[in-house]
1. Does Ala222 satisfy the criteria of being aliphatic (A, V, I, L, M) and touching a residue at least 12 places away in the same chain (Cβ under 8 Å)?
2. Which of (1) without any contact (Cβ under 8 Å) to a residue 24 or more places away in the chain; (2) in a loop (DSSP other than H, G, I, E, B) does Tyr452 not meet, given it meets every other one?
3. Hey, any hits in the stretch 457-473 for a residue that's open to solvent by less than 30 Å² (accessible area, probe 1.4 Å), farther than 30 Å from Asn360 by Cα, part of a helix (DSSP H, G or I) and touching a Ser or Thr at 6+ places or on another chain (Cβ under 8 Å)?
4. Quick one: would you say Phe503 is at pLDDT 95 or above, closer than 22 Å to Ser115 by Cβ and aromatic (Phe, Trp, Tyr)?
5. Tell me, which residue of the stretch 474-513 that is at positive phi and part of a loop (DSSP other than H, G, I, E, B) is surrounded by the fewest Cβ atoms within 10 Å (Cβ to Cβ)?
6. Within the stretch 382-398, which residues are out of contact with any Lys or Arg (no Cβ under 8 Å at 6 or more places or on another chain) and not β-branched (Val, Ile, Thr)?
7. Where in the stretch 263-336 are the helices (runs of 4 or more DSSP H), entirely inside, with at least 1 residues that are of a type outside the set (A, V, I, L, M, F, W, C), open to solvent by 40 Å² or more (accessible area, probe 1.4 Å) and within 19 Å of Ala234 (Cβ to Cβ)?
8. Only helices (runs of 4 or more DSSP H) wholly contained in the stretch 137-218 count here; list those with 3 or more residues that are more than 20 Å from Asn254 (Cα to Cα) and aliphatic (A, V, I, L, M).
Amino acid sequence: MKDSNKISRRGFLKAGAAASVAGLMAGIPTAAASAAEPEQTGDENFLFWTKKPKYIFLFIGDGMGLPQIQSASFYLGTTQNDGAVIPADLSFMQFPVVGSVTTYDSTSFCPDSASTATSIASGEKTESGVINMKPWTRDVPFETIAEKLHSQKGYKVGVISTVNIDHATPAAFYAHQASRKNYYEIGVELANSGFEYFAGGEFQKNNGSGNVPTNHEVAAQAGYNVVTTQAGAAALKAGAGKTLIIAEKLADGNSMSYAMDAAAGEWQLTDYVKKGIELLDNNKGFFIMAESGKIDWACHANDAAASIHDTLEMSNAVQAAVEFYNQHPNDTLILVTADHETGGLGIGYKTTNYDTFLTNLTKQTVSYAKFDTDYVARYRAEKTPFESVMADVKKCFGLMTASDPDAAANSTLVLTDYELEQIRTAYERTLNVGAAGQDDMSQQDYELYGTYQPFSMALCHVLNHKSGLDHTTYAHTGAPVNLYAMGVGAEEFKGVYDNTEIFHKLAELTNVK
């Protein structure tokens, strides 16, 4: 039997806050007490005077746990200071409020992006692989904070991602599906959302089953400007109307390029955030969710350098929001967090003992994905001898043999016999992997290479280890993630709490039901 005297944790906190406010308001003159939005008193600990944020930025670094942030900070600092042990602050690391957020879902302590983004967007737990639907029955949809702000408060809404625009994290702010793999249906929900701005990689399933319009056509029929060139995106101005931008330059998985692979002038996350601000700025307010999705993809592949560069690019994107905040400090809230940690990244490795050599990572010039596309595919087709590929290994990863003429000046990048044998074995395995993939791989193969090309993985692993970094998994972990907050209502995000509370705190700050 339900105990009617019990009160939920959230209800208790709200009741306590209300009681505190009532006591404080009792001593305030009537005119002040009746104001809709009381002026700030200077004490940022009092909830009752907090203004409603008019402009809300929510940045999600997919897979960006604290190790991803710290490795980017350490890399940036050491490379800017000639190898000295000096960390550098990313744009959000000095935000005045930091929280610690748990990420588990209804089925796992190592959850996926669909369920964790659902928790952030709707304040509800669900199963891994499910987007904004009641767990187990999958028959009741959850309304997201973006939808509530859009319908109840008239906020304009933008959803941005460096991966596919129908991928799990961006989809969690506008879609409701029993499976994250219902890609075409997710694309239809995108068009039906009415949100004013979308930007990201290509739909994972632009074409539906049967005689149905493509997701591009569905969006156009719903009144969206469907823009597929960078020049077209750059030409958009305020007042353009509902807009869907698909990045012109597409990389692995039809996503945007990794930051380290982007060509000069190629738009990255920062550019799409700036364009979103330009198109969404209005008197009623806006909500922008911007995801750096390829931090996660890099960490799945244990590519530390690619992860670091995408984390640095997200820092640049956050800085664009900070610059907007500086123009609207009394109306803006910026949140930076992650849905979960990916890869089990650790700073420190067995063979480097108490040292790190993060400047080694400057020698990696391409991501594992681009190396696969530009180099490994050719090796496989031509059955290139191992000795011949070592010149590319040096060019792309900085790794060299002891006989290399540059070895004396690059001692931390010289391959030991053991490491050289690891790379050679992985290369031979790569040449023998069938066109259908790696279904025949053993447990040993999987532990060494995951589901990736063995040669690329071995090179990433060896360079990581020689730099003082390592990963425990090719999947997600259950580690908590940080949340950084600045602006109106930021104080509400301090402390330790569950990811569902991000939604509830935003709902309370904006007074949505």
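1. yes
2. So Tyr452 meets the others, but not (1).
3. No - not one qualifying residue is present in the stretch 457-473.
4. Working: at pLDDT 95 or above: yes; closer than 22 Å to Ser115 by Cβ: yes; aromatic (Phe, Trp, Tyr): yes.
Judged against the criteria, Phe503 is a match.
5. Step by step, filter the stretch 474-513, then rank; the result is Asn511.
6. Glu382, Lys383, Pro385, Glu387, Ser388, Met390, Ala391, Asp392, Lys394, Lys395, Cys396, listed by residue number.
7. Numbers: elements: 269-280, 294-300, 304-327.
It comes to 269-280, 304-327.
8. Answer list for the stretch 137-218: 145-153.
The values are calculated or read from the model by the stated rules, or taken from the named source; none is laboratory data. All values derive from a computational prediction rather than experimental measurement. Note: ideal-geometry Cβ built from the backbone for every residue, glycine included; neighbour counts use all protein chains shown. To get the accessible areas, we keep the full protein, side chains included, count just its heavy atoms, and leave off ligands, DNA and RNA. Shrake-Rupley method; radii C 1.70, N 1.55, O 1.52, S 1.80 Å.
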